[in-house]
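The values are calculated or read from the model by the stated rules, or taken from the named source; none is laboratory data. Here the structure is a predicted model, which means the values were calculated and not measured. Reconstructed Cβ throughout: ideal geometry from the backbone, glycine too, with neighbour counts over all protein chains shown.
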Amino acid sequence: QVQLVESGGGLVQPGGSLRLSCAASGSIFSITAMDWYRQAPGKERELVAVVGRGGNTNYADSVKGRFAISRDNAKNTVYLQMNSLKPEDTAVYYCNAYIVERSGYTGRNYWGQGTQVTVSS
């Protein structure tokens, strides 16, 4: 059974930094895309950043130049380095990964449980 476990959230002042981590464990044959989403109170969940298996990345316009997504394939882990944080970055952050559990099987998306990021003075 596959699990995604996030860590690194917390309270930070505007302009500060945080680094989120998300580790996948369990029966894993391969992982393709790994993503970070966020959901603020009263708003829909939105895609923040994506990293492919080869390291190609894509970002929401609202975080370009401030956030950096990366991954360690050997550790099945994805990271989100968040710099120059703003109050509007406050949200629950979720990681998502497309995982194939066995060779020849169809993969599916798995979600982490979410980690709260609060940016406030």
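Remarks
- Members of segment 1-16 that are surrounded by 13 or more Cβ atoms within 10 Å (Cβ to Cβ) and assigned to a loop (DSSP other than H, G, I, E, B): 2, 8, 9, 14, 16
- Of all residues in segment 52-79, those satisfying the criterion of being among the basic types (Lys, Arg) and either surrounded by fewer than 16 Cβ atoms within 10 Å (Cβ to Cβ) or at positive phi (or both) are 53, 64, 66, 75.
- Scope segment 25-64; condition polar (S, T, N, Q) and closer than 21 Å to residue 115 by Cβ; matching residues: 25, 39, 57, 62
- Residues of segment 68-116 classified as within 22 Å of residue 29 (Cα to Cα), among the small types (Gly, Ala, Ser), touching a residue at least 60 places away in the same chain (Cβ under 8 Å) and in a loop (DSSP other than H, G, I, E, B), total: 3
- Applying a threshold of 6 Å to beta carbon distances and a minimum spacing of six or more residues, or different chains, the list of pairs starting in segment 34-48 at a residue that is part of a loop (DSSP other than H, G, I, E, B) and ending at one that is surrounded by 14 or more Cβ atoms within 10 Å (Cβ to Cβ) reads 40/91; 45/37; 45/39.
- Set 92, 63, 100, 50: member being at pLDDT below 95, touching a strand residue (DSSP E or B) at 6+ places or on another chain (Cβ under 7 Å) and β-branched (Val, Ile, Thr): 100
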